[in-house]
Amino acid sequence: MTTADLVIRNGMVVTPDAAFAASVAVRDGKILAVGAQDAMPPARETLDARGLHILPGAIDVHVHFRDPGYPHKEDWASGTAAAAFGGVTTVFDMPNTIPPTATAESLAEKHAIASSKAHVDYGLYGLLGEETIAHVGALIEGGVIGFKLYMGNTFGKIPSPSTGAMLEAFEVVAPTGKRISLHAETNSIMERRETQLRNAGRRDPLAHLACRPAVVAVEAVSRAAILAEWTGARIHILHISSADELRPLREAKARGVDITGETGPHYLMLSADDYARFGGIIRVNPPVREAFNQEPLWAALADGTIDMVATDHAPHTPEEKTRNDIFTVDCGFPGVETQMPLMLTAMNAGRMSICDYVRWSAANPARVFGLYPTKGAIQPGADADLAIVDLARSWIIDDAKLQSRSRVSPWHGRAVQGLPLHTLVRGRFVMRDRVLVEDTRGFGRSVHAIQRMPEPQPRNTDKTSAEIVRAGPSARPREHVA
Ligand code: DOR
Ligand code: ZN
């Protein structure tokens, strides 16, 4: 019988469909077998997981690791250490770094940095902006997991493309099959409101929410869905924050648009009532909203309207988060390390099942981005990306103990139940007994090479900007062609 590198004995294995007592054998970075302990092959090493749950490592499709560009906020080593401590085995990094990940050169530079420092696997987003549409081919060639398009301004001040440029960008990406992840907040609405509120002298934390009412997101999601439907581009709505966005999302799904969505713990667990307590610390884009949004967001996760949880891990320093003028406070806070404990706390409280949790945190992100079942699954042949967690452990989140360089979050002091004890990436412990395995720095690798998106489904290809220019004056609208 083949000898395994590792057998994790007597845990509770969790999949989206079941939680069952089993052992897991690992060899050459892959899962070799899942089953009864007496059916396991001999192993070089064993780990006793009695009383613990074995989850597929979380896939956080939305983090900002700031590298290159903002080393005082985070870098690939600190960000992926935070992931490892949070039971997260794959992250997708956003392109609002310096320089933005918008060219083949900046992408190659980020790949070089990430591959030398990462403790966990990763994908890199390429920027889809007004000026970068021509780079789509080169960015795919250079290895991106998908594209990020900012419909609204946020940290890094990446200009948001006009609707015309967005349509063209969708036309160009649709035939590639890649997914476009959208910061779906309409810039022109926010900009006008912010100017008016500033002129009226507002600088208080709630002014941030006042600038960005839910209609900002509703309008953006609706418009993006129309463009996706027209072009056949695949889109993903990042950080869904409001109940009102769910209607355009549901309707687009019902029409067959390839649209997916994520929300995060801060929209599920924080509310407008928390601005008084936290001030700028909870300033994030989109904003934390009125408490009435929370139940519909949970319900949308439960019924599949929202596909997954992701964190928008957005580290900044305490100084950058505690300025008096809310409009000068940097947006976002760290989350990659606390998502799993926060969500497991909700699970322990009866909000959802542990199977639901792994569907939202691992299986669905892997499916939506073409990584399933190499990632996001505990079954023979899958990568051995595992979070081994103690669901009974009660503890208090302490920002000072986070791996992230950003030691300021609204989660500080929060009581949680559920703690990842060990994290494995492709069969290797990257975090063991709550200690980082230092020599896994640089072990993480880009997952773009294993991505398999379904066949592209471009639509209206005879009406794209490129096609109408190419066809010239002799072309006739299709229905007139004999
Ligand atoms: O609050 C946010 N911070 N929202 C974003 O979209 C970007 C992020 C950042 O990079 O800091
Ligand atoms: Zn973000």
* To do: Along Cα→Cβ, 7 Å out, is where each label goes; now give me the distance between the ones at Phe292 and Thr163 in nm to one decimal.
  => 2.8
* How much accessible surface does Tyr125 have with a 1.4 Å probe, in Å² rounded to 10? -> 0
* Is the shape of the stretch 252-393 best called rounded, prolate or oblate, per the rule: a/c under 1.5 gives rounded, else a/b larger than b/c gives prolate, else oblate, with a ≥ b ≥ c the square roots of the Cα gyration tensor eigenvalues? -> prolate
* Between the stretch 187-213 and the stretch 319-366, the Cα center-to-center distance that results, in Å -> 25
* To do: Sort Val437, Val24 by accessible area with a 1.4 Å probe, largest first.
  => Val437, Val24
* Asked: Where a Cα-Cα gap under 21 Å defines reach, which lysines qualify for Lys463, not counting those fewer than 8 residues away within the same chain?
  -> Lys178
* To do: Whenever you get a sec, line up Ile180, Ile450, Ile468 from highest to lowest accessible area (probe 1.4 Å, protein heavy atoms).
  => Ile468, Ile450, Ile180
* Inter-label distance, nm, simple model (7 Å from Cα along the C-beta direction), Ala104/Arg50 -> 5.8
* Asked: Across the stretch 432-440, in residue order, what do the Karplus-derived ³J(HN,Hα) couplings come to in whole Hz, using 6.51 cos²θ - 1.76 cosθ + 1.60 with θ = phi - 60° and x for Gly and Pro?
  -> 9, 6, 6, 10, 5, 8, 4, 7, 8
* Just need the relative contact order of the chain here, percent rounded to a whole number, with Cα pairs under 8 Å and 6+ apart. => 21
* **Sum of side-chain charges, Met166 neighbourhood, beta-carbon under 9 Å (Lys, Arg +1; Asp, Glu -1)** => -1
* Can you list residues whose amide H is under 5 Å from Arg405's amide H, if they're 5+ apart or on another chain and H is modeled 1.01 Å from N? -> Asp75
* **the chain - mean residue ellipticity at 222 nm from DSSP helices (-39,500 (n - 2.57) per run, n ≥ 4, rounded to 500)** => -8000 deg cm²/dmol
* **Selection from Ala84, Met40, Ile98, by position along the positive dipole direction of the stretch 1-110 (Cβ)** => Met40
* Among rounded, prolate and oblate, which fits the stretch 73-198 when a ≥ b ≥ c are the square roots of the eigenvalues of its C-alpha gyration tensor, a/c under 1.5 means rounded, and a/b larger than b/c means prolate? -> oblate
* How large is the charge dipole for the stretch 4-91, taken about the Cα centre, if only the Cβ atoms of Lys, Arg (+1) and Asp, Glu (-1) carry charge, to the nearest 20 debye? -> 80
* Asked: Net charge near Asp75, counting Lys/Arg +1 and Asp/Glu -1 over other residues with Cβ under 13 Å of its Cβ?
  -> +3
* To do: Quote the charge dipole size of the stretch 198-305 about the Cα centre in Debye, to the nearest 20; the model charges only the Cβ of Lys and Arg (+1) and of Asp and Glu (-1).
  => 380
* To do: Against the globular-protein guess of 2.2 N^0.38 Å, express the Cα radius of gyration of the chain as a ratio, rounded to two decimals.
  => 0.97
* To do: Figure the gain on full extension for Asp398 and Ala299 (residue separation times 0.36 nm, minus the Cα-Cα span) and round it to one decimal in nm.
  => 32.7 nm
* Solvent-accessible surface ranking, highest first, for Lys463, Lys321, Lys253 at 1.4 angstrom -> Lys463, Lys253, Lys321
* To do: With r as the distance between the Cβ atoms of Thr322 and Gln196 and R0 = 25 Å, compute the FRET efficiency 1/(1 + (r/R0)^6) and round to 0.05.
  => 0.50
* Straight distance only, please: which aspartates and glutamates reach the Cα of Lys73 with their own Cα at less than 12 Å, same-chain residues fewer than 8 apart left out? => Glu319, Glu320, Asp330
* Asked: If each of Asp204 and Arg478 carries a label point 7 Å out from its Cα toward its Cβ, how far apart are those two points in nm?
  -> 5.5
* Structure fact -> Surrounding charge for Pro56, neighbours by C-beta under 9 angstrom, Lys/Arg +1, Asp/Glu -1, total 0
* Short version: ³J(HN,Hα) in whole Hz for each residue of the stretch 176-186, in order, from phi by Karplus 6.51 cos²θ - 1.76 cosθ + 1.60 (θ = phi - 60°), x for Gly and Pro, what are they? -> 8, x, 5, 9, 9, 9, 10, 7, 8, 9, 7
* Asked: Under unit Cβ charges (Lys, Arg +1; Asp, Glu -1), what dipole magnitude, rounded to 20 debye, does the chain have relative to its Cα centre?
  -> 60
* Asked: Tell me, what HN-Hα J-couplings in whole Hz come from the Karplus equation 6.51 cos²θ - 1.76 cosθ + 1.60 at θ = phi - 60° for each residue of the stretch 337-343, using x for Gly and Pro?
  -> 8, 10, 4, 5, x, 5, 5
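The values are calculated or read from the model by the stated rules, or taken from the named source; none is laboratory data. Note that the coordinates shown come from a computational prediction; the quantities given were computed from them, not determined experimentally. Every residue, glycine among them, receives a Cβ derived from its backbone with ideal geometry; neighbour counts consider all protein chains shown. The protein model used for the area step is the full one, side chains on, heavy atoms only, and it has no ligands, DNA or RNA in it. Shrake-Rupley method; radii C 1.70, N 1.55, O 1.52, S 1.80 Å.
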